[in-house]
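Chemist: What follows is a single structure, and I will ask about it in a moment.
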Amino acid sequence: MKVQDGVMTDKSNESAKDAPVAVLGLGLMGRALAGAFLRAGHPTTVWNRTPGKAAELADAGARTAASPEEAVRAAALVVVCVSDHTAVHDLLDRLDAADPALLAGRVLVNLTSGTAAQARENAARAAAAGGGYLDGVILAVPQAIGTPEAVVLYSGARADFERYEPALRSLATDATAHLGEDHGLAALHDSAVLGLMWSVLNGFLHGAALLGAAGVDASAFAPLAARSTVTVAGWLADYAGQIDAGTYPADDATLETHIAAMDHLAEESAALGVSTELPDLVRTLAGRALAAGQGGASYAALVEQFRRPAPAAGEAAAE
Ligand SMILES: NC(=O)c1ccc[n+]([C@@H]2O[C@H](COP(=O)([O-])OP(=O)(O)OC[C@H]3O[C@@H](n4cnc5c(N)ncnc54)[C@H](OP(=O)(O)O)[C@@H]3O)[C@@H](O)[C@H]2O)c1
């Protein structure tokens, strides 16, 4: 492989499994990412704003850079994993100030959590400097990085993804995927998955509070809760088909049947002095679907309530 000032000039070898990588940001996740690249055999140069976090990585063979620009010059694949978008912004400002063409010919892979709009802004900045940009989302804890358990998803130019896919697979050996060319797609998937996670957890916590009020331990509820979660997961593919088709045949249960059970949940919660906020939200959305004439439809019809902004206070009261 030919490397000139960090940028590989022999395009045919760019996807080699030993492509040099720079990792900027050595927090909990950044250190895990750099460690996985090293274990996979990539010459890895690391930098962190606060010195002292690279000792273990250096022992494992990483080269430590004194500045982010020095780290970037060492590799054509530059991975950034810092706290938030402001930190990414600061870092890009610093690279730009050092050399406005520093990213030219390189691909910046940002694994910092953020929004779709922030991803598109970063992509525009990298493009203005002549570089490629992939936004990535890590659906894993640091301990899972480099194992089959880790899921890391990317969005941006497919060519940039494919060029570095072998290196990126070092982070998530079995679940590395490209979601599409729109740079915002990875962040959007992250938000969608987090929303799902919180909804499942809130359902569990509300159930634990409800049963706890009747003297049942959360640990006793957990096995039934886990089993129910798996059952619900099994419905997703069919409901997804209904959502994509825009028709909601109630082959299993109608929304009206669900609503009767939702009323029990709110009633039980109130009777036990448990918060009714979660059942009330669910019941409000279902009530709107009922008012729209979807009482005989499947639960998936509720997607239409999620597709629009919540009605203003006066409108909601009128329903
Ligand atoms: N940890 C996880 O389980 C996990 C899972 C998925 C996604 N993520 C995402 O990964 C990213 C990093 O998380 P983390 O757990 O590694 O956080 P962390 O341990 O708190 O590390 C934050 C890193 O950001 C650096 N940083 C903050 N502001 C900076 C700035 N202005 N300029 C340069 N560097 C700056 C810090 O440098 P200093 O050492 O100098 O403070 C540190 O290296 C976050 O966006 C997080 O949402 C984390």
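The values are calculated or read from the model by the stated rules, or taken from the named source; none is laboratory data. Note that the coordinates shown come from a computational prediction; the quantities given were computed from them, not determined experimentally. Ideal geometry is used to build each Cβ from the backbone, glycine not excepted, and the neighbour counts take in all protein chains shown. The accessibility values were calculated without ligands, DNA or RNA, using every heavy atom of the protein model including side chains. Shrake-Rupley method; radii C 1.70, N 1.55, O 1.52, S 1.80 Å.
Chemist: Does the stretch 192-210 contain at least one residue that is of a type in the set (S, T, N, Q) and not assigned by TED's automatic domain parsing to the domain that holds THR44?
Modeler: For the stretch 192-210, residues of a type in the set (S, T, N, Q) and not assigned by TED's automatic domain parsing to the domain that holds THR44: present.
Chemist: Within the stretch 148-165, identify whether any single residue is in a loop (DSSP other than H, G, I, E, B), open to solvent by 10 Å² or more (accessible area, probe 1.4 Å) and in contact with a Gly (Cβ under 7 Å, 6 or more places away or on another chain), and answer yes or no.
Modeler: Checked against the condition, which is being in a loop (DSSP other than H, G, I, E, B), open to solvent by 10 Å² or more (accessible area, probe 1.4 Å) and in contact with a Gly (Cβ under 7 Å, 6 or more places away or on another chain), the stretch 148-165 yields at least one hit.
Here's the yes/no breakdown for (1) part of a loop (DSSP other than H, G, I, E, B); (2) within 14 Å of the ligand (Cβ to nearest atom); (3) without any contact (Cβ under 8 Å) to a residue 12 or more places away in the chain; (4) not charged (D, E, K, R):
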residue: GLY30; (1), (2), (3), (4): no, yes, no, yes
residue: ALA34; (1), (2), (3), (4): no, yes, no, yes
residue: LEU38; (1), (2), (3), (4): no, no, no, yes
residue: HIS42; (1), (2), (3), (4): yes, no, no, yes
residue: VAL46; (1), (2), (3), (4): no, yes, no, yes
residue: LYS53; (1), (2), (3), (4): yes, yes, no, no
residue: GLU69; (1), (2), (3), (4): no, yes, no, no
residue: VAL72; (1), (2), (3), (4): no, yes, no, yes
residue: ALA75; (1), (2), (3), (4): yes, no, no, yes
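Chemist: Let me ask something else about it. Among the residues in the stretch 101-110, are any more than 17 Å from TYR164 (Cα to Cα) and touching a residue at least 60 places away in the same chain (Cβ under 8 Å)?
Modeler: No: zero hits.
Chemist: Hey, another quick one. Give the residue that is farthest from the ligand (Cβ to nearest atom), with candidates limited to residues of the stretch 79-93 that are open to solvent by 30 Å² or more (accessible area, probe 1.4 Å) and assigned to a loop (DSSP other than H, G, I, E, B).
Modeler: This residue is ASP84.
Chemist: Filter the stretch 254-303 for residues that are in contact with a Ser or Thr (Cβ under 8 Å, 6 or more places away or on another chain) and either closer than 25 Å to GLY241 by Cβ or β-branched (Val, Ile, Thr) (or both) and give the result.
Modeler: Selection gives THR254, LEU255, THR276, GLY295, GLY296, ALA297, SER298.
Chemist: Could I ask something else about it? Which of the residues that make up the stretch 134-147 are small (Gly, Ala, Ser), part of a loop (DSSP other than H, G, I, E, B) and touching a helix residue (DSSP H, G or I) at 6+ places or on another chain (Cβ under 6 Å)?
Modeler: Listed by number, the list holds a single entry, GLY146.
Chemist: Counting only residues that are at positive phi and open to solvent by less than 30 Å² (accessible area, probe 1.4 Å), how many does the stretch 22-50 have?
Modeler: Selection size over the stretch 22-50: 1.
Chemist: Looking at the stretch 94-133, which of its residues are of a type in the set (D, E, K, R) and either in a helix (DSSP H, G or I) or surrounded by fewer than 19 Cβ atoms within 10 Å (Cβ to Cβ) (or both)?
Modeler: Listed by number, the residues that qualify are ARG94, ASP96, ASP99, ARG120, GLU121, ARG125.
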